[in-house]
Amino acid sequence: MRSIYKIASIGVFSSLLLSSTSHAQLKSTADSEEDNYQSVTTFGVTTNTNSGLLGGFVFRQSKRLPSTFLGRPHYRYLAVEVVNMKHPKEVQQSVNFSGSRFTYGKENYLFVVRPQYGREISLFQRSTDEGISINAIVAAGPSLGIVKPYYVEVNEGNNRTRIVPAASLNGSPGQPGTGAQPTGSGGFFRGFDESKLAVGANVKVALNFELSAFRNNTTGLEIGFLAELFPQQITIMTGADKRAFYSSGYITLFFGSKK
């Protein structure tokens, strides 16, 4: 994961250099040739330092405001993110005799739904046919955390198996009590009816790089930092540190349309 963010950092600096050249070219271009869109709607997939390669999904919409911010166009920014938060110590392992996989020590899933509202400020605008546009984003909103029990399948001898919450085993799921040996995950959808809700808040700052070459379509990257706070500590791993505050760097690949 760290290598992904190193590559992304190189990409950011390269994009800034390219955008500086593009911005100088746009200075000599008539305003009518700038990409002065009024709204943009996109969908995306995201990864972050608190998730796996696929961290979640994002929907966002920006609408241009009639005023300017420090002389630059700016937009009302709305977004909804749905992500799966993981603990850094989570490692899936295989059960030798069955090939099934489960996560030693995991006690709960943490899914977070993040409605966000903020402002998107144009830093560099692209022409209608070429260049890269860069926008700065500041947004905040509630964090709706869904804490779902993690279930495992256990073998109790004589080929008898049952599915139980990982937290109910003696010790951690990787070191169960006598007569209850985990043999695999209990299934992703099991336990949703036992989920608990944790309501917190989040704030993020980001840069949006639009890389598309077509006027009415958009493709690009959003790279930023997010901080999130819940009113109580949440247990994801048994015996690991509980957290109420989470911070992460993230990358979102998005695509959509503008008009």
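Only the coordinates and a few stated rules stand behind these numbers; no lab work does. Note that the structure is predicted; figures quoted are calculated from it, not measured. Positions of Cβ are backbone-derived with ideal geometry, glycine not excepted, and every protein chain shown enters the neighbour counts.
Observations, loosely collected:
- For the pair L253 and K89, label points projected 7 Å from Cα toward Cβ lie 3.3 nm apart.
- Highest average packing first - 56-65, 187-196, 105-114, Cβ atoms within 10 Å: 105-114, 56-65, 187-196
- Residue-span extension gain [A240 to K63] - 0.36 nm each, minus C-alpha spacing: 59.4 nm
- Fully extending the segment from K196 to Q233 would add 12.0 nm, taking 0.36 nm per residue of separation and subtracting the current Cα-Cα distance.
- Rounded to the nearest 0.05, the FRET efficiency derived from the C-beta distance between F189 and L123 at R0 = 30 Å is 0.10.
- Fully extended contour minus Cα-Cα distance, from L53 to L211, at 0.36 nm per residue: 54.7 nm
- Vicinal HN-Hα couplings computed from phi for the stretch 229-240 (Karplus, 6.51 cos²θ - 1.76 cosθ + 1.60; Hz; Gly/Pro x): 10, 10, x, 9, 6, 10, 8, 9, 10, 5, x, 8
- Between S100 and Q38, the simple label model (points 7 Å from Cα in the Cβ direction) yields a spacing of 5.7 nm.
- With R₀ set to 51 Å, the beta-carbon distance separating Q181 from V82 gives a calculated FRET efficiency near 0.90.
- The chymotrypsin sites (Phe, Trp or Tyr not before Pro) of the stretch 211-259 that DSSP puts in a loop, and whose beta carbon has at most 15 other beta carbons within 10 Å, are F214.
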